[in-house]
Structures are given as structure tokens and as C-alpha cells.
1. Just to verify a number: what accessible area does Trp12 come out at with the full protein assembly present, 1.4 Å probe, Å² rounded to tens?
2. How large is ³J(HN,Hα) for each residue in the stretch 509-515, as worked out from phi by the Karplus curve 6.51 cos²θ - 1.76 cosθ + 1.60 (θ = phi - 60°), to whole Hz, x for Gly and Pro?
3. Give me the base-10 log of I(q)/I(0) for the stretch 286-372 at each q in 0.26 Å⁻¹, Debye formula, one uniform scatterer per Cα, rounded to two decimals.
4. Return the loop-located trypsin sites (Lys or Arg not before Pro) in the stretch 413-473 (DSSP other than H, G, I, E, B) with at most 13 other Cβ atoms within 10 Å of their own Cβ; answer none if there are none.
5. Hey, can you find the accessible area per residue of the stretch 269-317 for me, probe 1.4 Å, expressed in square angstrom?
6. Enumerate by residue number the trypsin sites (Lys or Arg not before Pro) in the stretch 45-89 meeting two conditions: DSSP loop (anything except H, G, I, E, B), and at most 14 other Cβ atoms within 10 Å of the site's Cβ.
7. With a ≥ b ≥ c the root eigenvalues of the C-alpha gyration tensor of the stretch 517-608, is it rounded (a/c under 1.5), prolate (a/b larger than b/c) or oblate?
8. How far is helix 350-369 tilted off the main Cα axis of the chain, in degrees rounded to 10, range 0 to 90?
Amino acid sequence: MNKNTPEAPVYWRSEMNEDIAILIFDCPGKKQNVLSTDAMVQLDQLLDQIPRDASGVVIASGKETSFVAGADISEIAGITTPEIARYKAHQGQAVFNKLASLPMPTVAAINGFCLGGGCELALACTYRVAGLDAKTLMGLPETKLGILPGFGGTQRLPKIVGIRKALELILSGRLVDARGAFRMRLVDRVCSPLLVLQEAIEILRRRPAPARPRFGLIERIIESSFFRSKLLGKALEEAEKKAKGFYPAIPAVIDVFRRTLDLPATDGNVSAEGLKIEADAFAKLVLTDVSENLRFLFFLDDDQKKYAPYKSAPANVRSAAVLGAGVMGGGIAWAFSSKEMPVRVKDIRAEALLSALSKADEVYRGDVKRRKATEIAAKRGMSRISVGLDYAGFRRADMVVEAVLERMEVKKHVLAEVESEVRVETVIATNTSGLSIDEMATVLKRPEKFGGLHFFNPVHRMPLVEIIRGKATSDQTVATLFAVARSLGKTPILVKDSPGFLVNRILIPYMLEAARMYEEGIAIGAIDRVARTFGMPMGPFELADEVGIDVGLHVAEHLERSFGSRMAVPEILRTLVHTGLLGKKSGSGFYIHAKNGDKDRPRLNPAVPRPSSAAQQETGEDGGNTHDIENRLFLTMLLEAGRCLEDGIVDRGEDIEIGMIYGTGFPPHRGGLLRWGSRIGYQNLIKRAAPLRERFGDRYVVPEVFKMLYSENGG
């Protein structure tokens with residue numbers, strides 16, 4: 001070998017425990033183990049070197065929190081043809097088949113992430129043992145990347161957990177913890193994470209029958225060949241309700257199952273024809289725009305976890321307090337308590353405190369029902385929340401989050417008051433949706449300890465947090481806010497102190513444009529349908545009802561005062577608020593909302609004043625030009641995002657993508673708002689916006705920043 005040629009990294013090492021071979025996977029220089037091509041080649045070679053007289057093989061990890069986090073997603077970018085994709089899948093299948101065909105039993109000793117290709121590796125073993133640790137998670141989340149398992153997962157999982165559970169895991173991309181994996185017989189044993197390797201060796205010594213799902217009579221009937229088409233059809237129907245037809249991997253999984261479930265096993269306890277069908281499906285999916293966009297978001301999300309727009313070390317936050325026990329205050333209190341942090345909640349009304357406790361308990365009850373938490377964990381979580389009408393306990397808080405009424409004078413009053421009740425090192429944050437951080441800071445003696453921490457409603461579901469740096473906010477305070485947001489399981493972005501910050505500044509114009517279209521005579525139902533067809537989780541009028549029309553109006557009027565006619569508020573919003581039609585919370589807004597338990601879609605509210613425009617009479621509920629409606633809704637968003645970049649609201653376009661997807665539900669399959677715009681291209685964007693500018697004025701002026709962002713061919 002040439003002395004100047006660098007040696008290939010060593011991914012695997014082998015050890016012998018008497019007559020048992022232990023293969024240890026440890027990616028050099030990485031926190032997580034990932035199955036790159038080189039790692040797979042080395043595993044293939046190592047399997048050939050196992051002594052034939054070995055009584056068993058253990059596949060283990062050299063990392064505490066990662067068995068195998070999946071295949072190396074970055075390598076998919078190098079796949080340019082279906083032939084290359086098919087070849088890659090066949091390579092992985094061949095290695096795992098070799099593992100499954102070894103003449104001795106094998107055990108996967110699982111600690112930490114066991115995802116995607118890592119889970120397929122474990123499925124190829126005779127047994128699986130998992131550590132009882134919060135970091136041990138298993139699953140096949142490939143559909144979230146627009147693809148399906150390509151290393152034999154669609155073929156092996158149904159044989160191990162049954163067809164119904166295999167479909168649910170693959171179609172949802174859901175991850176299960178060690179206990180959940182054991183309940184469905186995805187793993188054969190669970191134990192302390194410290195004893196996983198020892199337990200794996202003991203299994204090989206005892207050689208029990210591998211655990212398989214225990215099916216009752218009804219389950220056996222449902223999964224029988226006679227009823228299988230109905231089972232697959234129902235699974236597709238339920239998955240597509242959530243996917244809404246935007247994710248081609250969903251029907252592809254069903255098709256693979258339909259074509260392979262009855263094929264006889266050959267090598268590695270699976271069908272060679274079944275593996276071919278799986279590889280063909282993988283090859284078709286990997287080159288779709290949807291897969292490319294979802295992989296873009298995967299890397300974007302991964303980079304966001306490391307993004308640190310600060311230089312200081314964060315302060316240590318071990319306990320928290322919340323001012324204001326409204327819907328947001330209760331949700332924020334739950335967020336702290338769910339991460340094992342004691343939190344004190346203060347309000348001036350006892351009934352509000354009871355409501356906050358009820359809100360937190362409701363979320364915990366839901367977690368227990370969905371098996372995301374145990375009864376004991378829920379009770380412990382609630383025990384970490386204490387409430388009071390005074391500031392007792394606030395001096396113990398390392399951070400206070402103010403979540404009172406969204407009125408500047410009210411916020412100033414309580415912020416000045418609470419500052420005198422906490423320690424000098426305590427960080428104070430405001431949960432405002434758009435009010436000025438700098439103006440609030442004028443009443444504080446320690447403005448450097450103050451910043452914005454904007455959660456989105458409902459707190460337990462919305463992953464985004466906007467962190468707002470005021471002029472006086474110190475670098476350490478920013479670092480602390482980031483650290484706290486991440487410790488709560490949220491995705492933080494840093495935004496400039498400006499009206500509406502980022503998300504509301506982009507979202508509110510979209511909602512205003514919808515209201516303008518209604519005033520022009522385009523039906524509410526038509527507008528909402530176009531938004532949902534585009535991929536939004538709900539239409540703008542449905543969203544207004546969900547948020548509260550009065551809340552939306554308050555933010556919109558604040559933006560109108562700041563930005564003038566571009567953000568002019570349509571009169572219909574003021575009319576509805578004046579007449580008490582506030583949305584879901586009042587029972588009716590643009591829609592009439594069903595009582596609890598009725599899952600039917602809300603009906604359009606006939607009490608909403610109808611515009612006198614002739615267009616309304618002509619178009620009815622199905623009226624309006626779909627292309628025109630889509631352009632007006634989403635170009636409005638895109639152009640405002642460009643202005644946010646020009647105004648320095650965020651430093652990076654990546655923050656806009658993260659903000660809109662995690663803060664508004666902008667469709668992930670489109671890769672983000674700016675990425676959607678890049679597919680249009682600069683010249684086409686000009687062409688699309690020109691007629692709208694002619695009709696509606698300067699709100700459809702295309703910001704110059706897009707000339708730099710987008711090339712003329714849409715790249």
C-alpha cells in the first residue's frame with residue numbers, strides 16, 4: 001500500500017467471549033453510529049471471519065446512546081438514477097441476509113437509537129435485547145424521508161411483530177421505547193442498559209425460542225389471507241388521512257406488502273422476490289421531489305440542533321416560575337414539569353390557577369392514554385407544579401416566564417414587579433407574540449437578563465420557540481434561552497425584536513389575504529380547500545377560528561400600525577369580533593364548531609356577514625380560481641419572508657424554513673417556504689407577482705433579495 005494513502009476508518013471490531021463472537025460497531029469521530037457504505041462493507045467482511053465453531057454472535061455498539069441511528073442519509077444525495085438506488089438497496093439486503101443466514105444464533109444488543117437501517121440490522125438477528133433507557137428508541141422512520149425501508153425491513157418486520165403492527169410502525173414512522181418494543185415482541189428481552197451485553201450473551205447460552213407476537217383468534221382472522229386486502233385497504237385509508245396524498249411512500253409501502261406477504265422464504269428467512277420488490281420501490285421513491293425535500297429538512301433540522309448564535313455558556317436553569325395561568329401559562333408550566341423541572345405558577349385569580357393545573361393534567365392524561373407516559377410519571381409531573389396568588393417561591397427560580405395578557409402596559413407592570421421578587425441572576429423572559437422587547441425592557445433595572453421566549457399554542461404540540469434578543473439582552477441570556485428551549489424539547493430560532501417577529505409577520509398577511517378574498521366574494525370553503533390542497537394542515541379561516549379571531553385581530557392591528565396599508569386589516573375581522581364570533585372558543589366564528597365528541601368537520605357559519613359582491617353569487621361555495629387563490633395566499637407568505645430577510649429579522653434563510661414548518665405547519669413535503677419559492681425561480685416569481693401587483697398594489701412587489709436567492713431556472 002502507498003504510504004501516502006490514508007487508511008480507511010475502522011468501524012467494526014470483534015472480540016470473543018469464550019465461544020461467542022461479539023461484533024462492536026463504533027463510528028470514529030461521530031456521536032451516533034450510522035451505516036455508511038464503508039461500514040457495511042466492513043460488516044460484510046467481518047461476518048465472513050466469524051469462526052465456524054462459534055456458538056453465537058452478538059451485534060453491539062461502542063456508543064452508549066446509539067446502537068445504529070440508521071443508514072448514512074448523506075449518501076442518498078449521491079444517488080442519481082434508479083439503477084444506483086436499486087444497487088444500494090441490494091447491497092444492504094445482501095449483508096443483512098448474510099447475517100440472518102449464519103449457522104449460529106445472533107443477538108442485537110440495543111442501547112440508544114435503533115432506527116431505519118439499524119432497526120433492519122436488528123431484525124436480521126435471531127434475538128433482540130434492549131436497554132430500559134429513555135434514549136433507547138426503535139423504529140423504521142423512512143417514510144418521513146419520503147422512502148421506505150430498503151434493507152429488508154418490509155419483509156422481516158411483519159414476520160416478527162405481525163402485519164398490522166408492522167404496517168402501523170412503517171407507515172407512521174413512529175418510534176417506540178424499549179417497553180413498547182417488548183410489548184409488541186419487536187425485542188425478546190429488556191433489561192438495565194448496563195446489562196444489555198451480558199443479557200445478550202446469556203440468551204445465546206440458553207437459546208430460548210425467539211419471542212413472537214401472541215395472536216388471539218380475532219387477530220389471526222384479521223391477518224389471514226382471506227381478510228388481508230381489507231386490512232391493507234384500511235391501513236392505507238388511515239395513513240392517507242394524515243398524509244393527504246402528498247407522500248408517495250405511503251401507498252408504495254402498502255403495495256410492497258400486498259405483493260410480498262405470501263411469498264415463500266428463501267435465503268435469510270425472507271423471499272428473494274420480496275427483496276427485489278422492496279428494492280424496486282425504494283429506487284422509485286428515492287429520486288422523487290418529496291424525498292429530496294424531506295431529506296433537505298432532515299439535514300436542516302440536524303444543523304439547527306447545533307446552531308449557536310451566541311458565544312457565552314448558558315446559565316444553569318434548575319427551577320422555573322411562570323407569571324400568568326392562562327392557556328399559555330398552563331402549557332408552559334407543563335413543559336417545564338414534563339422535563340423534571342419544578343415550576344411555580346402565579347396568577348391574581350384562584351380560578352385561573354386551577355385552570356392551569358387542569359390544563360397540565362389534561363396533557364399528562366393524554367400522554368398516559370397514548371402510552372407516552374406512565375401513571376406514575378404523570379403524577380410526578382403534576383407534583384412538580386405548584387401554584388399561588390403571590391410571589392412565594394419565586395426567589396428559588398432560575399428563570400421566570402411571563403405569560404400574562406398581550407397588552408404592553410400590563411406586561412410592563414408585572415415585569416417590573418417580578419424583577420424585585422427574584423434573584424439578581426434570574427433570567428426573565430416574556431412569552432409575547434409580537435410586542436416590543438425593547439419597550440418592555442425600559443421598566444427593568446437588569447434589562448440584560450431579559451429576552452423574548454415565544455411559545456406557540458398548544459405548547460405540548462408545537463415544536464417551535466422564537467427567541468427574541470433585545471438591544472440590551474446579554475449574550476449569556478440568549479444562550480440560556482436557547483439551552484432552556486432545547487431542554488424542553490423545542491426547536492428555537494433567534495429573531496430580531498420587530499413587530500410580529502418572524503412567524504406572525506409572515507402568517508398574518510396570509511390570513512389577511514384570505515379575508516380580503518372573502519370580502520371580494522370568494523367563498524370561505526373554496527379558500528380553505530385550496531390551502532389544504534396545497535398541504536397546509538388547515539385553511540386560513542379554520543386557523544383563525546382555532547387561534548381565536550380576537551387574538552388574530554389584535555396581532556393584525558399591531559402589524560397594521562407598524563407596516564401600514566400592506567397589512568391593512570379587512571373589516572370582516574372586526575365585524576366578527578364585535579358580534580362575538582370569536583372562533584372555536586366561542587363555539588362559532590367563520591365555522592360552527594361541533595360539541596365535544598363530534599369529529600365531523602365544522603360547518604360554515606351562515607351568521608358570517610356575506611359580501612354584497614356579485615362574484616359571491618356567481619361562484620358560490622366552490623367559487624374562485626384555484627390558481628389565483630393559491631398564488632395570492634402563498635406568494636403573500638413568500639414575499640413577506642423576503643422582506644423579513646431584507647429587514648434582518650433572522651440572519652439565515654434556514655430560520656424561515658424552520659419557523660414556517662414548525663410554527664405554522666407549512667407542508668414539509670415542499671421543503672420549506674423559501675425552497676418552494678426556489679422551485680418557482682426568480683423570473684417566474686416576477687411573472688406570477690406582476691398581475692397581482694397590478695390589481696392589488698405594492699404588497700406584491702418582489703423583494704430584491706430573491707434575485708440573489710433564486711437563479712432564473714428555479715434553482
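1. 20 Å²
2. For the stretch 509-515, the Karplus curve yields x, 4, 5, 5, 5, 4, 5 Hz.
3. -1.13
4. Passing both the DSSP loop test and the Cβ count: Arg423, Lys445, Arg461, Lys471.
5. Normalised by residue count, the accessible surface of the stretch 269-317 is 49 Å².
6. Loop-located and lightly packed - Arg52.
7. Because a/c hits 1.5 or more and a/b exceeds b/c, the stretch 517-608 counts as prolate.
8. On a 0 to 90 degree scale, this one is about 30.
The values are calculated or read from the model by the stated rules, or taken from the named source; none is laboratory data. No experiment lies behind these values; they were computed from the predicted model shown. Cβ: placed from backbone, ideal geometry, glycine included. Neighbour counts: every protein chain shown. All accessible areas refer to the heavy atoms of the entire protein, side chains included, with ligands and DNA or RNA removed. Shrake-Rupley method; radii C 1.70, N 1.55, O 1.52, S 1.80 Å.
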